[in-house]
Amino acid sequence: MTASTLSPPARILVTKIGLDGHDRGSRIVAAYLRDAGMEVIYTPPWQSVPGVVKLAMEEDVDVIGVSSLATDHLIVPKLMDALRQAGLGHIGLVVGGIIPDDERPALQQAGVSAIFGPGSARDDIIAHVAALAVTARRKRNAEFREIAQ
């Protein structure tokens, strides 16, 4: 299974949690992913962790992309915990924006798959998100098979 053979297409939630309202970068990345054939659910800024979890469940997303240009990326570990508690641990998560080097390990330890800073190549973002969507579908399908047995 590859991203180009996913049916339905990969579903990606692009969001901003916390109080950061700068959304130009997230809009650009959302357009990249959409143009690559993925279904993109884009939220306005100022989302809460419970709101993102609820939307991820309702929209059956494969990957969540969180944009942070302030310190809102520090909320991401809480988001990862909330996803796991909701039975959505299979969803991949990437972060983009201004992330200080000394804060990256905490995000990676929480389960963030990749951090894309300014200047990240469009093709790298697309390739990573697509591969993460494939992994998320495999994990979800394996969970369904376990339940069915």
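Where does each of Leu93, Leu88 land when they are ranked from fewest to most other beta-carbon atoms within 10 angstrom? Walk me through the numbers on the way to the answer.
Numbers: Leu93 22, Leu88 18.
If I rank by nearby Cβ atoms, fewest first, I get Leu88, Leu93.
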Requested in this report: Any chance you could check the Cα centroid distance between region 84-149 and region 1-60 for me, in angstrom?
Outcome: 12
Report task. State to the nearest 20 debye the size of the charge dipole of the chain about its Cα centre, where the only charges are +1 on K and R beta carbons and -1 on D and E beta carbons. Result -> 260
Query - Neighbour-count order for Lys16, Lys78, fewest beta carbons within 10 angstrom listed first - result: Lys78, Lys16
Query - Cα-Cα P(r), the chain, percent of pairs per 10 Å interval - result: 12, 45, 35, 7, 1
Query - Proximal lysines relative to Lys78, as straight alpha-carbon distance under 20 Å, when same-chain residues fewer than 8 apart are discounted - result: Lys16, Lys54
Query raised in the report: Which of Pro50, Gly37, Leu69 sits farthest toward the positive end of the charge dipole of region 29-76, with +1 on the Cβ of Lys and Arg and -1 on the Cβ of Asp and Glu?
Result: Leu69
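Any read-out appearing in this document is the output of simple, stated calculations on the displayed coordinates, not a laboratory observation. Predicted model, so just to flag it, every value in this text is computed and none were measured. We place every Cβ from the backbone using ideal geometry, glycine too, and count neighbours over all the protein chains shown.
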